[in-house]
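Q: Input: one structure, supplied below.
The values are calculated or read from the model by the stated rules, or taken from the named source; none is laboratory data. Predicted model, so just to flag it, every value in this text is computed and none were measured. Note: ideal-geometry Cβ built from the backbone for every residue, glycine included; neighbour counts use all protein chains shown.
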Amino acid sequence: MADTLNGMFDVRDFRVLEEVLSTGSLSGAARALGMSQPAVSQAFAALERRVGAPLLVRTSSGVRLTEAGRAAAGHIRPVLESIRRAEVEVTTVVGLARGSVRIACFPSAAATILPAALRSLRESQPGLTFSVVDLEPPAALTRLADEECDLAVVFDYPDDPAGPASAPGERVVLMEERLHAAVPAGHRLAGASSVQLSDLAGEYWIAGCPQCRSHLLRLCESTGFVPDITVQTDDHLVIARSVAARIGVALVPEVVLPIITGDEVVGVPIEPVATRTISAIRSPRAASSQAVEATLAALRQAAGDFAGHRSATVHHSATPNVEQNEDSVAQS
């Protein structure tokens, strides 16, 4: 008896029986399964022989379950649903995510966090493909709202009058980063562990994107001065070369520091502490996308890795000696 029970059902039997019940006929089940009606009839007849009793009664209006059929039917959907969940879980574990992900990302994250995330995905999820465009947050959020991207990687400042909170879709915070003053390597404050923003009141300033320029104005005004902005640019190379040439100083977040600091430019944390938040926002249409979920996980990991190693990159790329500091007391 035990051997008979062990061999009574398999997954194909349950799928055939499920479609027969769903469609109400053997011919409907055949169409749903992509099989011929004779093949379904033969499969069902073989199942009834193994059970040793009829499962269905054929009528002029379709089919109805016998008592044995009702006993089997009570287990069909739970068994098949369990199998489907197992298939999804195994697919995720073995890294078989497939699809294409469209990403809009602001430039400094596109140069630091995003490449690390995409490199990891290329290694772990070779079936994924990507389309990336670098856009500042307002344009990225517009593209997200227009369903022209699946993920928008954006930033916002605590005092932003309009941040990404109202954007459509799920928001995932990737990291919070501290703001730094970017100064020339020989600047009087380049060797400091931190700098009061008010100590830079007499400097000329290089300002970044419109969102960052607005924040610079608000932050400086709250400290008691209006920054003298002499260069306005969205280009990190222009910021780096302008600071190195002593045209002015800049206020930059931590993800910008690896791009602009080196032998000629130094990053110094400002006081009082000022921060901005980097987030990824997923389009509502991509809410169930396994490819987008894998990309979000990689972005979280890359942001965590950056945060874990930033102490080695955000502190002084060049440490001026005391004589250099003393010689550069005048405005740089």
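Q: Does A111 fit the bill of being aliphatic (A, V, I, L, M) and within 22 Å of P168 (Cβ to Cβ)?
A: no
Q: Let me ask you something else. Is there a residue being under 15 Å from the mean Cα position of the chain (by Cα), within 24 Å of P258 (Cα to Cα), of a type outside the set (S, T, Y) and modelled with pLDDT of 80 or more anywhere in the range 86-102?
A: Within the range 86-102 (the criterion being under 15 Å from the mean Cα position of the chain (by Cα), within 24 Å of P258 (Cα to Cα), of a type outside the set (S, T, Y) and modelled with pLDDT of 80 or more), the answer is no, since none of the residues qualifies.
Q: Based on this model, can you work out whether V252 counts as in a strand (DSSP E or B) and in the same structural domain as P161 (by TED's automatic domain parsing)?
A: yes
For (1) more than 16 Å from F14 (Cα to Cα); (2) in contact (Cβ under 8 Å) with a residue 24 or more places away in the chain; (3) of a type in the set (A, V, I, L, M, F, W, C), each residue gets a yes or a no:
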| residue | (1), (2), (3) |
| --- | --- |
| A30 | no, no, yes |
| M35 | no, no, yes |
| S41 | no, no, no |
| R50 | no, yes, no |
| L55 | no, yes, yes |
| R58 | yes, no, no |
| V63 | yes, yes, yes |
| E67 | yes, no, no |
| R70 | no, no, no |
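Q: Right, something else. Given the criterion surrounded by 16 or more Cβ atoms within 10 Å (Cβ to Cβ), assigned by TED's automatic domain parsing to the domain that holds V16 and touching a Ser or Thr at 6+ places or on another chain (Cβ under 8 Å), identify the matching residue among L55, L65.
A: Only one candidate passes the filter, namely L55.
Q: For H180, indicate whether it is at pLDDT 95 or above, surrounded by 19 or more Cβ atoms within 10 Å (Cβ to Cβ) and part of a loop (DSSP other than H, G, I, E, B).
A: No.
Q: Among the candidates A117, A145, A111, single out the residue that is surrounded by fewer than 18 Cβ atoms within 10 Å (Cβ to Cβ), in contact with a helix residue (DSSP H, G or I) (Cβ under 7 Å, 6 or more places away or on another chain) and not aromatic (F, W, Y).
A: When all the criteria are applied, what remains is A111.
Q: A further question follows. Could you tell me whether any residue of the range 282-294 is part of a strand (DSSP E or B), at pLDDT below 95 and touching a helix residue (DSSP H, G or I) at 6+ places or on another chain (Cβ under 9 Å)? Steps first, answer last, please.
A: First pass over the range 282-294, keeping only residues part of a strand (DSSP E or B): 282.
Among the residues that remain, those that are also at pLDDT below 95 are: 282.
Next, only the ones that are touching a helix residue (DSSP H, G or I) at 6+ places or on another chain (Cβ under 9 Å) stay: 282.
Yes, there is a match, as at least one residue in the range 282-294 is part of a strand (DSSP E or B), at pLDDT below 95 and touching a helix residue (DSSP H, G or I) at 6+ places or on another chain (Cβ under 9 Å).
Q: Return the only residue of I278, I239, I259 being closer than 25 Å to A111 by Cβ, outside any helix (DSSP H, G or I) and either at pLDDT below 95 or not aromatic (F, W, Y) (or both). Can you show your working first?
A: On the way: I239 fails: outside any helix (DSSP H, G or I); I259 fails: outside any helix (DSSP H, G or I).
From the options I278, I239, I259, the qualifying one is I278.
Q: Let me ask something else about it. For the range 200-236, enumerate the residues that are of a type outside the set (G, A, S), part of a loop (DSSP other than H, G, I, E, B) and within 29 Å of the chain's Cα centre (by Cα).
A: C209, T233, D234, D235 - these are the residues of the range 200-236 that are of a type outside the set (G, A, S), part of a loop (DSSP other than H, G, I, E, B) and within 29 Å of the chain's Cα centre (by Cα).
Q: In addition: Just one of A280, A291, A244, A240 is hydrophobic (A, V, I, L, M, F, W, C), surrounded by fewer than 23 Cβ atoms within 10 Å (Cβ to Cβ) and under 23 Å from the mean Cα position of the chain (by Cα); which is it?
A: Details: A280 fails: surrounded by fewer than 23 Cβ atoms within 10 Å (Cβ to Cβ); A244 fails: under 23 Å from the mean Cα position of the chain (by Cα); A240 fails: under 23 Å from the mean Cα position of the chain (by Cα).
Residue meeting the stated conditions: A291.
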